[in-house]
1. How many angstrom separate the Cα center of region 114-165 from the Cα center of region 286-360?
2. Could you give me the ³J(HN,Hα) list for region 154-160, computed from phi with Karplus coefficients 6.51, -1.76, 1.60 and θ = phi - 60°, whole Hz, x at Gly and Pro?
3. Report, by chain and number, residues whose modeled amide H sits under 5 Å from the one on residue 281, excluding near sequence neighbours (fewer than 5 apart, same chain).
4. Under Stokes-Einstein, with the Kirkwood radius over Cα pairs standing in for Rh, what whole-number D in µm²/s applies to the chain at 25 °C and 0.890 mPa s?
5. Using label points projected 7 Å from each Cα along Cα→Cβ, tell me how many nm separate residue 193 and residue 261, to one decimal.
6. Take the residue pairs 153/348; 12/74; 12/153; 12/173; 26/351; 36/348 and return only those whose Cα atoms are more than 27 Å apart.
7. Where in region 1-40 does the label zone of residue 171 land, with the point 7 angstrom along Cα→C-beta and an amide N cut-off under 19 Å?
8. Given a Förster distance of 30 angstrom, what is the FRET efficiency for residue 22 paired with residue 329, based on the Cβ-Cβ distance and rounded to 0.05?
Amino acid sequence: MNAPRLEVDLDKIHHNARTLNERLSKRGISITGITKATLGSPEIARTLLRGGIGGLGESRIENIETLHRARIAKRFTLIRSPMVSQVERVVESARTSLNTEIEVIRELSTAAKKASRTHEVILMVELGDLREGILPGDLDDVVRDTLECSNIKLQGIGTNLACRSGVAPDSAKMQELSRLAERIEASHNLKLAVVSGGNSSAIEWALSAESTERINNLRLGESILLGREPLQRKPIEGLHTDAFTLIAEVIESKMKPTKPWGDVAEAAFGQQQPVVDRGNAAQTILAIGHQDTDPDGLSAPAPIEVLAGSSDHLIVHSDEILPIGSEISFQPNYSALARAMSSPFVSKVAKARSGVIPLS
Ligand SMILES: *Cc1c(COP(=O)(O)O)cnc(C)c1O
């Protein structure tokens with residue numbers, strides 16, 4: 001079989017989606033299933049929907065278009081602020097988008113009017129992680145201006161934490177977002193349908209908080225696909241953490257010194273890791289690298305240990321010499337998964353009872 005390849009267990013993803021959906025709906029929270037790490041895979045999107053998830057979210061309009069072509073007729077949310085150069089495509093394929101700039105919302109309004117559509121907008125609020133978001137003090141003005149845009153419906157507000165600076169979505173942050181929602185509703189005499197509390201990093205809060213306040217939606221990718229919460233990368237109880245396996249093939253296997261020799265400067269991908277001199281050891285090279293995945297995001301089966309990656313090579317240490325032509329299975333993290341799904345060099349297959357079948 002072709003290597004490298006990514007094997008996807010759709011039953012495990014289905015289980016994760018269904019389990020999280022059941023747990024969160026009891027708390028009054030709907031899930032927007034985020035497919036951005038899957039390059040808009042129709043099979044994976046359908047699996048999320050079969051698990052009971054009501055809406056899908058994507059960071060790239062291209063992936064939403066792929067899902068449309070696969071006849072997945074669900075409501076899509078574009079979760080990265082739209083580019084002005086893409087507003088026509090956005091109103092065509094996405095029912096909703098997350099926004100932080102009134103200039104962009106005005107462009108969406110013009111495009112929606114031209115297409116005779118209504119486009120829904122969720123305004124993202126900055127609560128300290130310092131990625132996207134309107135500062136709370138500016139929110140009122142942006143709400144007022146958004147309400148003036150024709151063919152635009154203010155669907156709600158949301159926030160995104162823990163993505164850039166690791167700021168945790170705790171009760172204080174979720175209360176702040178809830179109070180902002182109430183303040184907007186009172187001062188503009190309206191009802192916000194959606195208050196979106198964040199990504200997978202908000203799972204622990206959502207499942208354990210005394211009150212979920214006004215939060216009624218989370219946008220979940222990693223927790224469904226990999227069964228982990230991103231704050232400490234802890235497995236979520238009852239979920240599968242091994243729905244994805246990345247398989248690579250051995251192309252060199254030798255006993256070599258562990259310490260490089262010669263005048264050592266910078267390596268192809270930046271600074272060398274400091275090396276421990278372990279004398280002679282089994283060093284294996286696999287045919288996979290930065291062009292296929294994120295080598296730093298691969299967990300090897302013990303006792304194999306990932307040492308380094310370059311554009312096309314992954315170097316691992318093992319106790320014994322690994323046979324040429326044999327395959328090693330790695331567990332990808334979110335970054336390694338997203339890169340593998342996007343790489344044309346990696347075949348994608350789904351595990352099924354009949355063996356493995358290619359993903360479209
Ligand atoms: C990626 C992303 C998500 C999903 O994040 P996960 O950690 O995979 O759950 C949600 N919202 C936004 C805005 C994102 O960019």
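Read the figures in this text as sums done on the coordinates, not as results from a lab. This one's a predicted model, so the numbers in the text were calculated from it and none came from an experiment. FYI the Cβ positions are ideal-geometry reconstructions off the backbone, even for glycines, and counts take in every protein chain you see.
1. 39
2. Those phi angles translate into 6, 8, x, 10, x, 9, 9 Hz.
3. 256, 258
4. Values: Rh = 22.1 Å.
The calculation lands on 111 µm²/s.
5. If labels sit at residue 193 and residue 261, their model points lie 7.0 nm apart.
6. Listed pairs above 27 Å: 153/348; 12/153; 12/173; 26/351.
7. Label zone hits: 27-29.
8. 0.50
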